[in-house]
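Let me begin by presenting the structure, written as structure tokens, before commenting on it.
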Amino acid sequence: MNIKYFLPDWEDRLDPKFNFKTDCFSPEHKKNPTANDVHAHDLLTPPPYDGVLFSLANFIKKSSSLDLKNPKIRGYTDIKKYLKLNGTLQVMGDCGAFSYINEDIPPEPFFSIENVANFYNKLNFDYGVSVDHIVTDAIQKIVNGEKVKIILSKKDKEKRIKITLNNAKKFLKYHRKQKFDFKPIGVAQGLNPKSYKKSVEKLIDYGYEYIALGGLVQKETSEILAILDEIQSKTKNVDIHLFGISRPEAMREFKEFGVTSFDSASYFRKAFLESNKNYFTKSGKWYSAIRVPYSDNKILNENAKKCGYSQNDLEKMEKIAMKSLIKYDQGKLPLEETLNSLINYDKILLRRQEKIETIQERYRATLEDKPWKKCDCDICGQLGIHVIIFRGTNRNKRRGFHNVWTFNRYFNGFHEKE
Ligand SMILES: [Zn+2]
């Protein structure tokens, strides 16, 4: 069995009928995006993950008035219906502790253990993570209207470990008293391998059968392995989840140390947040996506004016760049001419000369290798070259889903699925 992979969802829905030729949304999307848009598990068969991680912090972001007794998300009272989950896909809930990392304690009433457990139960989650508080080196506070960085002492950090453990204890007690169906997961925070072990021992004492290790995101893979090595003797009969990390180089060792699940959005997000590592391939190589921003982009328009170009000029350059890429994909335009059209439009972004040369080399590598033609995921099959164009949510997030698919198929399974 592979390690279960949960993809964190932050409402990453897409228009299934987006028209890539005309760059237009479908009438169905325009009418009701929540009902008609789809997730990665609808666009790729089989779905590229075992479940979805959904943070309750989403509710705070989306709702101006929260009904704590009758939770709903965008009108849905069942998280599986909201996420349109089908078949065997599961849903894990957590608090999204990064949202309150700067607070002294998880803010109540929303993040009280009773409220969080009731939310998991009422919304039909499969797994519910206890209310944790991340151990971090520094936090930010607003002092006299200004952001101030505050370094946390060892004592402050230990306090956070204690809050996390106390909450886990109360959370499990409440879960048992209420006879909830979702499987409870206790969070272990720590300062070093030994203190993680202490947390894990306590959670097992409380009665947890599933433990999530938090605070790993910033850690080197070797540090994570040292923690797993330290807790190994205690966790033989316990499931282990790793929060927020994906390390392809260590998946085999994670499995040997008894890790049963993890979550990460990093392969998804790199598609549109990284400057050049945007498209992931089964050989492990990354390619740069090719930027063709919409010509109504504000910065682009301001730059165009500075360079003496009109809105009309800009639209023409955009059209030529897009057409060149399509023609190149069809084998009707040579590489150099395609690159020239792209750089001609790209120069409006007022990059420095050496930057333009770097971009040109990255685009050349992408276009020469045509990696989208070698991928057998449904998204690349349907979109062709559009998957590698850095332009709007519908292309950028589909490229992210392709990355997730490639990661899970070729790296989480250690090539076993090949
Ligand atoms: Zn693909």
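Table for the structure above
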{"read-out": "Lone qualifier among Lys306, Lys316, Lys332, Lys327 - being under 12 Å from Ile385 (Cα atoms) and free of Cβ contacts under 8 Å to residues at least 60 places away in the same chain", "value": "Lys327"}
{"read-out": "Strands (runs of 3 or more DSSP E) contained entirely in the range 87-151, each with at least 2 residues that are within 25 Å of the chain's Cα centre (by Cα) and under 20 Å from Ala188 (Cβ atoms)", "value": "90-94, 127-129"}
{"read-out": "Ser233 within 15 Å of Phe411 (Cα to Cα), more than 21 Å from the chain's Cα centre (by Cα) and either exposed (fewer than 15 other Cβ atoms within 10 Å of the Cβ) or of a type in the set (A, V, I, L, M) (or both)", "value": "no"}
{"read-out": "Qualifying residue in the range 156-179 (condition: touching a Phe, Trp or Tyr at 6+ places or on another chain (Cβ under 7 Å), at pLDDT 95 or above and more than 28 Å from Lys255 (Cβ to Cβ))", "value": "yes"}
{"read-out": "Test: residue in the range 132-153 that is closer than 24 Å to Asp50 by Cβ and either in the same structural domain as Gly96 (by TED's automatic domain parsing) or among the aliphatic types (A, V, I, L, M) (or both)", "value": "yes"}
{"read-out": "Sole exception among (1) closer than 22 Å to Gly244 by Cα; (2) modelled with pLDDT under 95; (3) not polar (S, T, N, Q) for Arg74, by number", "value": "(1)"}
{"read-out": "Index of the failed condition, Lys374 passing every other in (1) over 25 Å from Asn301 (Cβ atoms); (2) away from the ligand (no atom under 14 Å from the Cβ); (3) among the basic types (Lys, Arg)", "value": "(2)"}
{"read-out": "Ile211 being among the aliphatic types (A, V, I, L, M), within 19 Å of Leu53 (Cα to Cα) and without any contact (Cβ under 8 Å) to a residue 60 or more places away in the chain", "value": "yes"}
{"read-out": "Single match in Gly186, Gly215, Gly190 (criterion: buried (at least 21 other Cβ atoms within 10 Å of the Cβ) and under 18 Å from Phe111 (Cα atoms))", "value": "Gly186"}
{"read-out": "Any chance Ile73 is assigned by TED's automatic domain parsing to the domain that holds Ile151, touching a residue at least 40 places away in the same chain (Cβ under 8 Å), in contact with a Lys or Arg (Cβ under 6 Å, 6 or more places away or on another chain) and not acidic (Asp, Glu)", "value": "no"}
{"read-out": "Scope the range 377-390; condition on the phi < 0 side of the Ramachandran plot and either more than 10 Å from the ligand (Cβ to nearest atom) or of a type in the set (D, E, K, R) (or both); matching residues", "value": "Asp378, Ile385, His386, Ile389, Phe390"}
{"read-out": "Selection from the range 256-275 of residues that are of a type outside the set (D, E, K, R), under 18 Å from the mean Cα position of the chain (by Cα) and part of a loop (DSSP other than H, G, I, E, B)", "value": "Ser264, Ala265, Ser275"}
{"read-out": "Residue that is farthest from Phe54 (Cα to Cα), among those in the range 86-118 that are surrounded by fewer than 21 Cβ atoms within 10 Å (Cβ to Cβ) and of a type in the set (A, V, I, L, M, F, W, C)", "value": "Ile105"}
{"read-out": "Close pairs from the range 366-377: first farther than 15 Å from Ser288 by Cα, partner assigned to a loop (DSSP other than H, G, I, E, B), Cβ under 7 Å, at least 6 apart", "value": "Cys377/Leu44"}
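The values are calculated or read from the model by the stated rules, or taken from the named source; none is laboratory data. All values reported here derive from a predicted model rather than from experimental measurement. We place every Cβ from the backbone using ideal geometry, glycine too, and count neighbours over all the protein chains shown.
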